[in-house]
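Please read the structure below before turning to the comments.
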Amino acid sequence: MFARLTLSSSAVFLKVILKIRPLPLFCFLLLCPVMLFCPCNEAEAARHNVGFVNLGISLPERELNLDINVWYPTESRRRRTFKFQSWTFRAASRAAVSPGTWPLVLLSHPSSGNRLTHHTTASALAACGFIVAAMTHPDDNLDNMPDIASWDLFVHRVRDMGLLIDILLKEERFAASIDRERIGVLGFGTGAATALLLGGALPDCTQWKNFCRDNTSLRNPYCNEWARERISRNICPSLPLRQSMADVRIKACALVEPAFTALFSRESLSWYYPPTLLVQGQAGRDQTLEREDALFATRFGRTIRRLNIAAADEAAFMAPCPDPLLKELPELCYSVDDRLRSEIHEQLVSALDSFFTATLVRRPPQAMPDPPVFEFVGPVQPERPIR
């Protein structure tokens, strides 16, 4: 949900709200990496070596430069150290992809992250036999957030992910190695809401109208005056959505700590089709959020896979903080200690590997139906041209 913003306490959220006016906020959320052992589920499955490529894609017609990272199985053992901002990790550099074709998993980061925020999870999934690609969403990331709490946020993110698929299927290093019929999405926070839209959900504001009521607790960042007013003013006038954003190339969705769940009613999810894994933490919730988490899991109208990790909040799913961030935002960085973070990541990767193996590897992925066609109602395009 939006202003959960990976913040694990009311004190951290208050700091963010006080800084939010100029909008290059969240620059403090630079998370350093720790290589994570991949708990691949099949005992007989070999752990793959992991390759890594950083792609810089220029789209002059859109005045846009995209940063894309790809982790993938490789036979190369020549690892080197990569350093990006505060992140440091090891992988084989620009090595060839292992022979054959591999399922593709698109990773969509939370609003307070970027393409490296969950690099440990991406690397672990690559070691389990997936090509994993993550891009920094240009208008919704830790350094640049013009789309915050607006309908543009969803439109831009969905188009980002469609563009990412298009780029990878044409990229000479990966085009022949990606199984085009086996593409999934792994979304964290706002990235999980993006996955719901890619799967065909049609959000509305029927649940949102009564979500906060008299709740103004800082532990529920949706219900402070600033967030509540922005969502009501900048998102709800564009809903209910009556033009599907579904991408039928997406065959499975994993949702980790999904954001904006109050915008997804049972009716809106009746148009959502992919097999789903829902991962939720239970730490740092007030009663309203706890109730919403439980209700959201029942709105799919069918059986989905679920993993609840009682000790986790959104920050716990990220890589550990570097020293500068430990000093600036200890409330975020010490959300969990290193031992517990490692245990949470192991549970997460095991569940993701099991889910994507079941839905993208073991059996032919189910065909996605064509999106429904409705009579046009309300604005669909963003308020400004997509850059």
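The trypsin sites (Lys or Arg not before Pro) of region 163-228 that DSSP puts in a loop, and whose beta carbon has at most 11 other beta carbons within 10 Å, are Arg213. For Cys333, the solvent-accessible surface computed with a 1.4 Å probe is close to 10 Å², ligands and nucleic acids excluded. The calculated FRET efficiency for the pair Val373 and Glu343, based on their C-beta separation and a Förster distance of 56 Å, comes to about 0.75. For the set Cys253, Cys236, the ranking by accessible area, highest first and with no ligand, DNA or RNA atoms included, is Cys236, Cys253 under a 1.4 Å probe. For the set Leu295, Leu142, the ranking by accessible area, highest first and with no ligand, DNA or RNA atoms included, is Leu295, Leu142 under a 1.4 Å probe. Net length available on complete extension from Arg305 to Ser93 is 72.8 nm, with 0.36 nm assigned per residue and the Cα-Cα distance removed.
For region 253-361, a/c is not less than 1.5, where a ≥ b ≥ c are the root eigenvalues of the C-alpha gyration tensor, and a/b does not top b/c. That puts it in the oblate class.
You can think of it this way: the chain between Arg362 and Thr216 has 47.9 nm of extra reach, that is 0.36 nm per residue less the Cα-Cα gap.
Is the shape of region 213-302 best called rounded, prolate or oblate, per the rule: a/c under 1.5 gives rounded, else a/b larger than b/c gives prolate, else oblate, with a ≥ b ≥ c the square roots of the Cα gyration tensor eigenvalues?
Oblate, since a/c reaches 1.5 and b/c is not below a/b.
Solvent-accessible surface of region 146-223, taken per residue with a 1.4 Å probe and all protein chains present: 32 Å². Counting only protein heavy atoms and using a 1.4 Å probe, the accessible area of Ser111 comes to about 10 Å².
Rounded to the nearest Hz, the phi-derived 3J(HN,Hα) couplings of region 280-288 under the Karplus curve 6.51 cos²θ - 1.76 cosθ + 1.60 (θ = phi - 60°) are 10, x, 10, 8, x, 9, 8, 5, 5, where x marks glycine and proline.
The values are calculated or read from the model by the stated rules, or taken from the named source; none is laboratory data. All figures in this text were calculated on a predicted structure; none of them were measured in a lab. Please note: Cβ atoms are built from the backbone with ideal geometry, for glycine as well, and neighbour counts cover all protein chains shown. The accessibility values were calculated without ligands, DNA or RNA, using every heavy atom of the protein model including side chains. Shrake-Rupley method; radii C 1.70, N 1.55, O 1.52, S 1.80 Å.
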